[in-house]
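**Q** Below is one structure. I have some questions about it.
Please treat every number below as a calculation from the coordinates, not as lab data. A quick note: this is a predicted structure, and the numbers were derived from the prediction, not measured. Counting neighbours? That spans all protein chains shown, and the Cβs are built from the backbone with ideal geometry, glycine included.
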Amino acid sequence: MTTEAFILRVFRWVRGLERAVSKRVIGALFRLLMRLRGLVMTLPEGILPRQLQWNLRRWELQQPLADYNDVMQEALLDSLRSVNPEARGLASQLLKTQLPESPYRSDQQILSGTFVLAKALRVLFNRVTASGESLFMRQQKDAIERVVQAGFLAESSNEELAAKVVATTRRQGVELPLRKVGTLFNKLRARTESVIAAALWDAVNKELKLSFELGGTDEYEWHAVLDPRTCPICWELDGQRSSSPSGFAYQPPVHPNCRCLVLPVRD
């Protein structure tokens, strides 16, 4: 297998994992924001009465928030369990050598060893605080609060504020979300997909690194996808070489949606 064919296979594989996780998660996000939209539509008019009712009733979002959190963690785990053996197999094909099977990793090891922006998934999703909230849940609550409070300050009507939460369409009698610019659904969906991509690419890069080290590789090259979306750091690193996969100034993924790979140099 050539290096170019290997990169293409990895991209297709990881993109498939991303789509599978996103498909499972977006429904939970939609249900959360539909619950929020319904709550907003029942608030009284007037800044002070509306603020008071919001303070009293926002607890109603706690369960859909928890559901969203748990679906996200479960869907990611299902995909991450397959990363180690699949990456090890692909590395074996590139190196044209038989590598040992990937060791078993428990769910807690996967959650503790997979990172998004320096936060382990265990830290991001586990609901271990006294309030029963995870860091991920608090992040979503903060985003919701900003949109709601901005609507209150702008004296938007309930209908206008609800439209800022999520836009929908009906197909065959089923209400579905629309990717409408400026809605909270669009923002949280993009953020969710970034978290999914960052977690999967972190796991894939780590497993490939271990596999190549087992294969006895003695020189590595940084491969970045060079297009208008490439960040300055990744662009500068493209083509650089090192005697160790850890010998670069950064380790991929450098940022959410980073598509860089560190691969063995082959004649």
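**Q** With r defined as the distance between the Cβ atoms of Glu219 and Lys23 and R0 fixed at 41 Å, what FRET efficiency is calculated, to the nearest 0.05?
**A** 0.55
**Q** Could I ask something else about it? Relative to the present Cα-Cα distance, how much length would full extension add between Val123 and Gln51 at 0.36 nm per residue of separation?
**A** Taking Val123 through Gln51 to full extension adds about 22.7 nm, to one decimal.
**Q** For the chain, what does -39500 (n - 2.57) per DSSP helix run (n ≥ 4), summed and divided by total residues, give at 222 nm, in deg cm²/dmol to the nearest 500?
**A** -19500 deg cm²/dmol
**Q** With angles folded into 0 to 90 degrees, how steeply does helix 135-153 sit against the dominant principal axis of the chain? Use alpha carbons for both and round to 10.
**A** Between helix and principal axis, roughly 40 degrees.
**Q** Also, quick follow-up: Averaged over all directions, how much area does the convex hull of the C-alpha atoms of region 1-136 cover when projected, in nm²? Intermediate results must be reported in sequence, preceding the final value.
**A** Details: hull surface 44.2 nm².
Mean projected area for region 1-136: 11.0 nm², to one decimal.
**Q** For region 34-50, just list the computed ³J(HN,Hα) in residue order, Karplus coefficients 6.51, -1.76 and 1.60, θ = phi - 60°, integers in Hz, with x standing in for Gly and Pro.
**A** 5, 5, 5, 4, x, 5, 4, 5, 9, 6, x, 6, x, 4, 5, x, 5
**Q** Continuing with the same structure: Three principal axis extents, largest first, for the C-alpha atoms of region 13-60, in Å?
**A** Cα extents, longest axis first: 52, 15, 15 Å.
**Q** Could you give the size of the charge dipole of the chain about its Cα centre, using +1 on the Cβ of each K and R and -1 on the Cβ of each D and E, expressed in debye and rounded to the nearest 20?
**A** On the way: 36 positive and 29 negative charges, 158 e Å.
Roughly 760 debye, rounded to the nearest 20.
**Q** With contacts defined as alpha carbon pairs under 8 Å and 6 or more residues apart, what's the relative contact order of the chain in percent?
**A** On the way: 314 pairs, mean separation 56.2, N = 267.
Over the chain, the number comes to 21 percent.
**Q** A further question on this structure: May I ask you to evaluate 6.51 cos²θ - 1.76 cosθ + 1.60, the Karplus curve with θ = phi - 60°, for each residue of region 169-175 and list the ³J(HN,Hα) values in order in whole Hz, giving x for glycine and proline?
**A** Those phi angles translate into 9, 10, 10, 6, x, 10, 7 Hz.
**Q** May I ask you to order 175-186, 113-124, 97-108 by the average number of other C-beta atoms within 10 Å around their residues, highest value first? Numbers along the way, then the final one.
**A** Details: 175-186: 14.6, 113-124: 17.7, 97-108: 11.8.
Going by the mean number of other Cβ atoms within 10 Å, highest first, we get 113-124, 175-186, 97-108.
**Q** Sticking with this one: Lysine pairs in the chain with alpha-carbon atoms under 26 Å apart, 8 or more places apart or on different chains: how many are there?
**A** For the chain, the number of qualifying lysine pairs is 17.
**Q** Right, something else. Can you work out the Karplus-derived ³J(HN,Hα) for every residue in region 205-218? Use 6.51 cos²θ - 1.76 cosθ + 1.60 with θ = phi - 60°, whole Hz, and x for glycine or proline.
**A** Once rounded to whole Hz, the list reads 5, 5, 5, 5, 4, 4, 5, 5, 5, 5, x, x, 5, 10.
**Q** Taking the mean number of other Cβ atoms within 10 Å as a proxy for protection, how do you rank 12-21, 40-49 from highest to lowest? Please list the in-between numbers first.
**A** Details: 12-21: 16.5, 40-49: 12.8.
The peptides rank, most packed first, as 12-21, 40-49.
**Q** Give me, ordered by chain and number, the residues 5 or more places off Asn257 or on other chains with an amide H under 5 Å from its own placed amide H.
**A** Under 5 Å from the amide H of Asn257 lie the amide H atoms of Ala198, each far enough along the sequence or on another chain.
**Q** Also, quick follow-up: For the peptides 83-96, 219-232, 136-149, 199-212, what is the packing order when you average, over each peptide's residues, the other Cβ atoms within 10 Å and list the highest mean first? Working shown, then result.
**A** Numbers: 83-96: 18.4, 219-232: 14.4, 136-149: 16.8, 199-212: 22.6.
Sorting 83-96, 219-232, 136-149, 199-212 by mean packing, highest first, produces 199-212, 83-96, 136-149, 219-232.
**Q** Then there's this: Just one of (1) 1.00; (2) 1.19; (3) 1.24 is Cα Rg over 2.2 N^0.38 Å as worked out from the coordinates here. Which one is it?
**A** (2)
**Q** What residues qualify as long-range amide H neighbours of Val116, i.e. H under 5 Å apart, gap of 5 or more or another chain, H built at 1.01 Å from N?
**A** For Val116, whose amide H was placed from the backbone, the distant partners under 5 Å are Leu121.
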